[in-house]
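Reading through the structure tokens given below for one structure.
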Amino acid sequence: LLRIFLPYLIMVLSYSILSLYLPVRDGIEVFNVSTITYVLFVKSIGPYWFLHTMMVCGILYYISFRLYSEKLSVTARYSIFASLLIIVSLFTPILNIRSATYYFIGVGIRLYFKDFSCVYIKNFWPIVPFVLLLSNSYFHDWGAISIVVCVISFFSFVSKACSFLSNKSTGMLEYIGRNTLPIYIFHPIFTMLAKFTLPVFAFEPTGILHAFSVILVGIPGCICIAKFMDITRLSYVFFRNRILR
């Protein structure tokens, strides 16, 4: 949890300061103790809500599976975990049950299936429901079952597509997959700066070309930042010997 909290603390503070001057959707208007305390511990801003949810769920997971007697069955402790998630989301503002559901599902897969690849089948056909769900904003709701279907469909056809790639291409994708943490932490740097390039892509109204260009620049950019931090030992700021895996 500490290794999650330190990057979260540094990046949320940085994001908050930048949001005072850069055009972001959910930035802060004033930088003071009460505002920063709120965005750090109650309702995070920017993309870092994900790390906030992970920490809250991680603490509740620890309470459910480490503090209770091991004589309880896995299902009993899993039920306690579910109950704690519901209680915290109902009576406090620090947890959104829609977001916590995905953590809960992940824990269930780890406990009962052990391997995430057991929940999907390698096949190209799931690309059809994936495209249909993705192309209609009506289905873009974190609390809807459509998102779960979309995720499973994605893994199904992508895992099938990867079986046709060369070892070199597969190795590159696996490298990106192992290093999603630094990509996730540093990508707001590139998405915020990319807002200034929107006029260049005004000729393309869907925004897809702009998003694709940000991805092409952002992923290697984030990895380069992480590499620089590893070389200069700045990775210790995040309580890690190395950021890249």
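We did not get these values from a lab; they are worked out from the coordinates using the rules stated. Not measured: the values here are computed from a predicted model. Cβ atoms come from the backbone with ideal geometry, glycine included; neighbour counts cover every protein chain shown.
The trypsin sites (Lys or Arg not before Pro) found in the range 72-114 that occupy coil by DSSP, while having at most 10 further C-beta atoms within 10 Å, are LYS114. The base-10 log of I(q)/I(0) for the range 17-79, evaluated at q = 0.12, 0.14, 0.19, 0.24 Å⁻¹, reads -0.47, -0.56, -0.75, -0.98 [Debye formula, identical scatterers on Cα atoms, solvent excluded]. Our helix-only sum for the chain, with -39,500 (n - 2.57) per DSSP H run of n ≥ 4 divided by its residues, gives a mean residue ellipticity at 222 nm of -20500 deg cm²/dmol. Counting other Cβ atoms within 10 Å as a rough exposure proxy, the listed residues TYR236, TYR61, TYR138 run TYR138, TYR236, TYR61 from fewest neighbours to most. Note that the range 115-132 has calculated 3J(HN,Hα) couplings of 10, 4, 5, 6, 9, 9, 10, 5, 6, 7, 4, x, 5, 5, x, 4, 5, 5 Hz, one per residue in order, obtained from phi through the Karplus relation 6.51 cos²θ - 1.76 cosθ + 1.60 (θ = phi - 60°); glycine and proline are x. Derived value for the range 123-162: Kirkwood hydrodynamic radius 10.1 Å. Basis is the mean of 1/r over every pair of different alpha-carbon atoms. Close amide H pairs (under 5 Å, H built 1.01 Å from N) link ASP26 with GLY46, residues at least 5 positions away or on another chain. When each of the peptides 200-206, 2-8 is scored by the mean number of other C-beta atoms lying within 10 Å of its residues, the order from highest to lowest reads 2-8, 200-206. Could you tell me the center-to-center distance, by alpha carbons, between the range 85-156 and the range 197-223 in angstrom? Each part's Cα centre sits 26 Å from the other's. Scattering from the range 141-208 was approximated by placing one identical point on each alpha carbon and applying the Debye formula without solvent; log10 I(q)/I(0) at 0.12, 0.16, 0.20, 0.26 1/Å stands at -0.59, -0.98, -1.08, -0.99.
Listed options for mean projected area of the Cα convex hull in nm² are (1) 16.4; (2) 17.7; (3) 12.8. The value calculated from this structure is the one marked (1).
Each Cα pair under 8 Å and six or more residues apart adds its sequence gap; the mean of these over the residue count of the range 1-135 is a relative contact order of 18 percent. Counting every other Cβ atom within 10 Å of each residue's Cβ, HIS52, HIS140, HIS210 order from fewest to most as HIS140, HIS210, HIS52.
Counting only the Cα atoms, the range 1-114 fills a convex hull of 118 Å³ per residue. Mean projected area of the Cα convex hull of the range 73-117, taken over all directions, amounts to 3.2 nm². Dividing the convex hull volume of the alpha carbon atoms of the range 166-245 by its residue count gives 107 Å³ per residue.
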